[in-house]
1. Any residue in segment 6-22 that's without any contact (Cβ under 8 Å) to a residue 24 or more places away in the chain: show its pairings with residues that are part of a helix (DSSP H, G or I) and of a type outside the set (Asp, Glu) at Cβ separation under 9 Å, as long as the two are six or more apart or on different chains.
2. Mind listing whichever residues of segment 45-67 are in contact (Cβ under 8 Å) with a residue 12 or more places away in the chain and assigned to a helix (DSSP H, G or I)?
3. Of everything in segment 3-17, what is small (Gly, Ala, Ser) and surrounded by 10 or more Cβ atoms within 10 Å (Cβ to Cβ)? Give them in sequence order.
Amino acid sequence: MLRRSDEIEQGEARRTNASMGLIVILLLAIAGVLLVRELREKSRIEDCLMQGRRNCIPIETPSHQPG
């Protein structure tokens, strides 16, 4: 009977470890996607500036409505 409960505990421990590993991999993948998106945007801005353009990053101004 003791062996059966040990096997169950080991199985649960394996599933827990596998789940934690999956979570870590998913977090790394999400971080990688965010990093690639940020680097792509920075690269776009740098390319624009290297071409000598001046309006590479539009400045948003709040619209003034008389009240």
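1. Every condition considered, no pair remains.
2. Ile45, the sole residue that qualifies.
3. Matches in segment 3-17: Gly11, Ala13.
Just so you know, all these numbers are worked out from the coordinates, no wet-lab data involved. On a predicted model such as this, the values are computed, not experimentally measured, just so you know. Reconstructed Cβ throughout: ideal geometry from the backbone, glycine too, with neighbour counts over all protein chains shown.
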